[in-house]
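Structure first, then comments.
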Amino acid sequence: MKIQKISMNRRDILMGLAAGTILPVSGCAQNEALGRSQLQLVSENQIMALSQQAWQDALQRERILRDPGYNRRLQRVGANMVRATGMTDLDWEFVVIDSDQVNAWVLPNGKVAFYRGILDIMEEDGHIATVMGHEMGHVAARHSAERASQQRASQIGLQIAGALLQQQGVEFNQDMAAALGAGVTYGIIMPYSRQHEFEADRLGVDYMVSGGYAPHYATDFWLAMSTRHQDSGFEFMSTHPSDAARLDAMRAHIAARGYS
Ligand SMILES: [Zn+2]
């Protein structure tokens, strides 16, 4: 087959995707917690159903620690932080997972897991509030839905790009799909993910302060985390890379808000 001149090259396609000009971006909604609009191609119901599934899987897969000391601590901070976020309509649940892993997560449906390993290095409640506030920030900001929507959008974008190329007699082969896919992932989705970390940090600090915890616990904790290696069982660091830029932004936010 004769390959014709491609009037829309890979760069145009990526630029179009980035600018939203070749995406059906009608599914946008304003997020109150963030004060910006978000792409919404995945429904709240879908996210809730996925969260419920993830929660059931985790409860089956992991061993739950019943130790009253660990649980009282997590519940105490959890109750304060839920009040601070104002997200009291979610069906919150807090469990301690009996594992050395340094990890913690909060699902969009209000299900919270802290691993024994991360609680063991958190000397003060303020450290628990730091991670919980950050994770609750991801929930309030609907980052999971946004991320899923972005992934969905990049798939749609790839399909559109493929169809356009085919119309022009260009075969959309596997290599091209892979190249485009990598560009979309690293060029568009990853920076958003980074933006999500900054947003969750800001919201997390606000929630901590509302919950009665000094904001220095946040900078102390993330500074300590930034010196740890993720290959030494610090799972949390692989999903939340901590670095100087995040710490600087957090300090700037604390100063701008006048927290002390
Ligand atoms: Zn995060």
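Details
- Protection proxy ranking, highest mean first, for peptides 76-82, 46-52: 76-82, 46-52, where packing is the per-residue count of other beta-carbon atoms within 10 Å, averaged.
- Residue among Val82, Asn71, Gln56 farthest towards the positive dipole end of the stretch 38-93, charges placed on Cβ: Asn71
- Simple spin-label estimate for Arg36 and Asp100 in nanometres, 7 Å along Cα-Cβ: 4.0 nm
None of the figures in this text is laboratory data; all of them are computed from the coordinates on show. Not measured: the values here are computed from a predicted model. Backbone-built Cβ (ideal geometry, glycine too); neighbour counts: all protein chains shown.
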